[in-house]
Each structure stands twice: as structure tokens, then as C-alpha cells.
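Since the structure comes first, as C-alpha cells, the remarks are kept for the end.
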Amino acid sequence: MSAPSLPIRRRSTALLVPPILVVAAYLLFAGHNRPGGGFVGGLVAGLALALAHASDGPGAVRRITRVAPTTLLGAGLVIAGIAGAGGWLGGGFLDGGAVELTLPVFGTVKAASATLFDTGVFAVVAGMVGLVLESLSGEETPS
């Protein structure tokens with residue numbers, strides 16, 4: 001049985017979840033050269049999922065992720081695996097590479113292959129948090 005829905009709780013959650021997800025994305029993309037990365041970003045995204053779940057119930061996780069947590073987790077494993085195995089083409093498993101791009105608005109941007117791996121880890125962690133939240137609620141939302 002879930003707690004009754006309170007307008008202040010729902011409104012504060014609606015105001016807090018988007019900035020938390022922005023911070024999670026920042027940590028994901030800044031993590032290769034600075035503190036953060038896929039795991040930390042995934043945990044912060046999981047915080048947003050937990051907050052939404054506590055406020056709006058198990059359906060909130062699906063509304064945010066738009067896919068089943070198992071799908072998110074599986075896609076993350078595939079992405080991380082492809083990124084790791086892609087290094088074999090360059091010499092060894094998880095060997096990284098980088099490309100510098102000049103974009104009109106952003107200027108020079110460095111894109112590292114580790115970002116793809118971190119994106120997979122991010123999806124695995126966020127999917128796992130969503131899966132745990134669904135299992136703790138006792139209600140599995142349909143796939």
C-alpha cells in the first residue's frame with residue numbers, strides 16, 4: 001500500500017527530478033577527465049528515480065525511463081560490451097581512443113571512446129535501481 005499522494009510532495013518532486021537528471025548527465029559526460037562517470041551518474045539518476053518512486057509510486061520509474069528497467073539494464077550491458085570489445089580493433093580490450101571535433105556552438109570538443117562505455121554503465125546502474133524499486137514495491141509494471 002502506498003502513501004496518499006500529497007500535492008506539495010508531487011510538485012516538489014516534479015521540480016527536483018529534472019535538475020537531478022541534468023546533474024547525472026553532467027557527471028556522465030564530465031567523468032572521463034574529471035570526477036564522475038557512468039557509475040556515479042547512474043547513481044544520481046537512480047536518486048531521481050527513487051525520489052519519483054517515493055512520491056508517485058512504481059509507475060513513476062517507467063514514466064521517467066520510458067522503458068522497462070530490465071530493458072535499460074540489458075541495453076546498458078550491450079553498449080558497454082560493444083565499447084569494450086571495440087578496443088580489440090585497436091589493440092586490446094577496453095583500449096581507448098579519442099577524437100577532437102570542432103562544433104559551431106561548442107568549439108573544440110574531445111570525444112573519447114570511454115564515454116560510450118560510461119554510457120553503458122550509466123544505463124546498467126539506472127536500470128538496476130529501477131528494477132530494485134519495482135521489486136521493493138511489490139508491483140511489477142508491464143513490459
Positive-end residue, the stretch 7-137 charge dipole about Cα centroid, Cβ charges, pick of P58, F117, G36: P58
What are the chymotrypsin sites (Phe, Trp or Tyr not before Pro) within the stretch 100-136 that DSSP puts in a loop, where the Cβ has at most 10 other Cβ atoms within 10 Å? F106
Taking R0 as 30 Å and r as the Cβ-Cβ distance between S12 and F39, the FRET efficiency 1/(1 + (r/R0)^6), rounded to the nearest 0.05, comes to 0.65
Span-rule helices in the chain, defined as complete DSSP H runs reaching 30 Å or more along the axis (Cα) with Kyte mean at least 1.0: 7-30, 113-137
Given P69, V17, G138, which one lies farthest toward the positive end of the charge dipole of the chain, if we put +1 on the Cβ of every Lys and Arg and -1 on the Cβ of every Asp and Glu? V17
Listed candidates (i) 21, 20, 14; (ii) 32, 19, 10; (iii) 29, 14, 13 - label of the one calculated as semi-axes √(5λ) of the Cα gyration tensor in Å: (ii)
Can you give the charge dipole size of the stretch 7-137 about its Cα centre, rounded to the nearest 20 debye, using +1 on the beta carbon of Lys and Arg and -1 on the beta carbon of Asp and Glu? 520
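Coordinate-derived values only; no laboratory data. Bear in mind the structure is a predicted one, so any value in this text is a computation, not a measurement. Because the Cβ atoms are built from the backbone with ideal geometry, glycine has one as well, and the counts that use them run over all protein chains shown.
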